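Values quoted throughout were computed directly from the atomic coordinates according to the rules given, and no laboratory measurement underlies them. Note that this is a predicted model, so its numbers are computed, not measured. Note that we place each Cβ from the backbone using ideal geometry, even for glycine, and neighbour counts take in every protein chain shown.
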Amino acid sequence: MTQHPHMHRLAPPGGMPEIHSGPGTVVAVSGLSFAISDELGDISHSTDGLLVRDTRHLSRLELRFDGAPMRSLGVGLLSPDACDFRGYLPPAAGSASLDAPWEIERDRTMRPGGLEETVTVHSRTPEPARVAVELSVAADFADIFEIRRLQDDRGDIPERPVEVAPARGEIRFTGAGGLTTTVVMDPPPERMSGGTAFWTAGASRDHPWVLRLRVSAAMEGLTAPPDGLGSITPPSAAPPVVASSPEDLARACRASLVDLGALTLPDPLDPGRRIITAGIPWFVALFGRDSLIAAHEARIADPGLLVETLAALAARQGRVLDDSNDEAPGKILHEVRLTPRPWLGEGTSGGARPYFGSIDSTALFLIMMGEARRWGADRERLRPLLPAADAAMAWLRGPHADPDGDGLIEYVATGPRSLTNQAWKDSDNSVQFADGTLARPPIAMCEVQGYAVRARKQYAEVLAWFGRDAEAAELVAEADALRDLVRRRFWIPATPGRRGYFALALDGDKRPVDGVASNMGHLLWCGVPSNDEADEVAHHLDGPAMRSGWGLRTLASDMGGFNPISYHAGSVWPRPSPVRP
């Protein structure tokens, strides 16, 4: 929920808010609406903003008091959609008092399609006093991908045609395509100049001055609440009650459930169905890989979410062969934005136009069919998903996943908007040899082959459950043969000073990419290594080159391309589960 390390978790509903001080970025979110600000509550940096449905409807929201910002006392994180900013104004130069004369509170709550904020100015002086209040707002209607490309304070979005229409108590911005942002102020300002409003606030100890703001975003042709919130079907089971001794574990679990709720949205294709998005703020979208894994990790608290995620992905499954979009029949999507804004040059049609550049989502879809069965999904909930699962298995077995017919799944960018790398490490420099050289495509990632093994085994369990025994037995035999193939093709034997391990990938010439990376840990989850191989892998994962103290490095520190702050070539990501299926 937050961008800087001093703010970590939100309080659970009904719990005590967490209070934080110091500089940092604060995010409040409600569905597809979120506000990114600094610790004062100001939206002022190039990557800040009020974003609604992937569009920045406010690029500036700044408060000044006697010409200066307040000084921060701290931020209260109340819930995913609410935060409380506290600050003060120092004594004026030459004042006889050393005490702060003004205390300021900004209570912000996100709403579908905007936000509401109450600014309360408390006087802490013996006599009534006045302070000049100034509010500046602006809108550029930039889309989320433009904003993500910016480095904070190192760039800017080109100005858009924005029309400011001041009225009594209202500022309105109008952009192309019927985009509007309306800021309503109560009380109305005493004076306005463009996007800036002015008041003289008078307050005493017993009577604070209060300003209420309501910011509303609108888009032409959108009549329903932008996020569809309120129409979502609640989980059929009551939320779990978590207790522990000491309390720390239960508190962390409850905070995780709050975060899970913030990530969960109604599906635009079926508002009664829930989907789990990939991350806040930049990845409030349906992903194949991320959404499936998140729903899997949440299965103990909400197993129904896994089935709903499978259904949402099945509804958007690949239907045609389209190299420009990395689409193929049966393939499960990589990402789809849930808004009408353009994405990588293509309209998403409100969540109906996905991008399919993921080599592992399809196998994970089949694995999660099996996990849903294991965690209590009944036949009647999984039966409608069987055609999608059959199509996914056909893709996994077919020439679009394995174009050279060697039994291994591989990828190569085929379209102008294709990702260079299409496994979970999808940055351009993520697939490296030990000397730092980048692998050339087509690329067969080791963990993807493991997913293909486990997908066959777990979908075989589903098929047997539905009485399709012959097909199930065939898949089990395929899984065993593929497991042997992966062990032969990817295993790098021990050398003096280095234990054996699984290659990160095979490159376009079928050479093992000998970078030591965390990917081989996924093979443990898939039951691919022998016991001896698993022991060697475990020594790598638990060794000093991989184990940082905070978690597993994505690339071992003794590799030529290691960079501890590189997205996939050294930074720490969550450790894969070493549990066999």
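Laid out as a table, the results:
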read-out	value
Extreme residue, positive dipole direction of the chain, given options Phe198, Leu366, Gly398 (C-beta unit charges)	Leu366
Rounded to 10°, Cα long-axis angle of helix 446-465 versus longest principal axis of the chain	80
Theoretical gain in end-to-end length, Asp469 to Thr125 [0.36 nm per residue, Cα-Cα removed]	115.7 nm
Karplus (6.51, -1.76, 1.60) ³J(HN,Hα), θ = phi - 60°, over the stretch 263-278, in Hz, Gly and Pro reported as x	7, 9, 10, x, 6, x, 7, 7, x, x, 10, 8, 10, 10, 8, 8
Shape call, the stretch 252-378: gyration tensor on alpha carbons, a/c limit 1.5	oblate
Rounded to whole Å, sorted largest first: equivalent-ellipsoid semi-axes of the chain, Cα gyration tensor	48, 26, 23
Rg to Rh quotient for the stretch 18-218, alpha carbon positions, Kirkwood Rh	0.97
FRET efficiency estimate (nearest 0.05) - Cβ-Cβ, Glu297 to His45, R0 30 angstrom	0.40
Helix-derived mean residue ellipticity, 222 nm - over the chain, DSSP H n ≥ 4, -39500 (n - 2.57), to 500	-7000 deg cm²/dmol
Where trypsin sites (Lys or Arg not before Pro) fall in DSSP loop in the stretch 426-528, at most 14 other Cβ within 10 Å	Lys510
Per-selection metrics, the stretch 402-581 (Cα): Rg and Dmax in Å	16.5, 52
Qualifying aspartates and glutamates (Cα of each under 13 Å from Cα of Lys425; at least 8 residues distant if same chain)	Asp290, Asp360, Glu447
Cα-based convex hull volume of the stretch 346-494 per residue, rounded to whole Å³	141
Degrees between helix 386-397 axis and first principal axis of the chain (Cα, 0 to 90, nearest 10)	60
Calculated FRET efficiency for the pair Trp573/Ser324, C-beta based, R₀ 45 Å, to 0.05	0.90
Separation in nanometres of the label points that stand 7 Å from Cα toward Cβ, at Asp428 and Arg191	5.1
Counted charge near Arg440, where neighbours are those whose Cβ lies closer than 9 Å (Asp, Glu -1; Lys, Arg +1)	-2
